[in-house]
Every structure is written in C-alpha cells, then in structure tokens.
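Derivation of every value follows stated rules applied to the coordinates shown; laboratory data play no part. Quick caveat: nothing in here was measured; it's all calculated off a predicted structure. Reconstructed Cβ throughout: ideal geometry from the backbone, glycine too, with neighbour counts over all protein chains shown.
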Amino acid sequence: MSNNKAREVNNPIIKQLLDETNPEELAKIDTEMTNNKQQTAVEIFWNQLPEILPFTVDTETAVKLQKAYQQAKEMEKEQIRKAYCYGEYYKDTKLTTDYYNETYGGGEQ
C-alpha cells in the first residue's frame, strides 16, 4: 500500500482479495480512496443550506448554526464509528438494517 503501513485485516474475504490483487493496483486503489473522500450527510446538508434558505442571518444566528453544524458532524462521526464497530461484531448474525432500526428507530423524519 502507498503509505507503507501494515494493515491488519481480519476479514477472510478481504484478505483473499488483497492476496489476489497486485501491489500496483492496490496502490492505485489506496490513492483513489485517499483522494476521493466522500461527503457525509451532515456536510451535504450544510453545503446545500444556502440554497434552501437563501437569506442572510445575523451574527448570533450564524454562530449558533456553525455550532450546531460542528456538533452534528461530531455526532455523525461517532455514529459512523459505532456502526462500523458493531457491524464488524455482528456481521454474521445481524443485518445492517436491523442495527439501524434498533439504534435509531428506523423511521424517516
């Protein structure tokens, strides 16, 4: 891999894919993943907010919005981390939709 760090892989399917993929292709995939960071749902919402609310706000409101955005990003980061950890733990016994429904209620807001 391009960062020369050993990565511990516990998933046998991923291990097999890594074993069957040449180092050049792995480096290319690693670079693409590093360069193509995806936006989270919170970031997408934040970036679309000016189009949704096309008016200016006072300084106090802007500060409150920025605080709420940062808090939402931190919450989402923790949710993603937990989902990954629980997903690894339950990967053979539960569906991801089960995890979502049990954790967040599964209802659309």
Region 59-87 residues near the modelled I52 label - backbone nitrogen below 14 Å, point 7 Å along Cα→Cβ: 65-66, 68-70, 72-73
Within 10 Å, count the other beta carbons around each residue, average over each peptide in 46-59, 72-85, and list them highest first. 72-85, 46-59
Where labels lie 7 Å past Cα in the beta-carbon direction, separation of T61 and K28 in nm: 5.0 nm
In whole Hz, the Karplus estimates of ³J(HN,Hα) for region 63-70 (6.51, -1.76, 1.60; θ = phi - 60°; x where Gly or Pro) are 5, 4, 4, 4, 4, 4, 4, 4
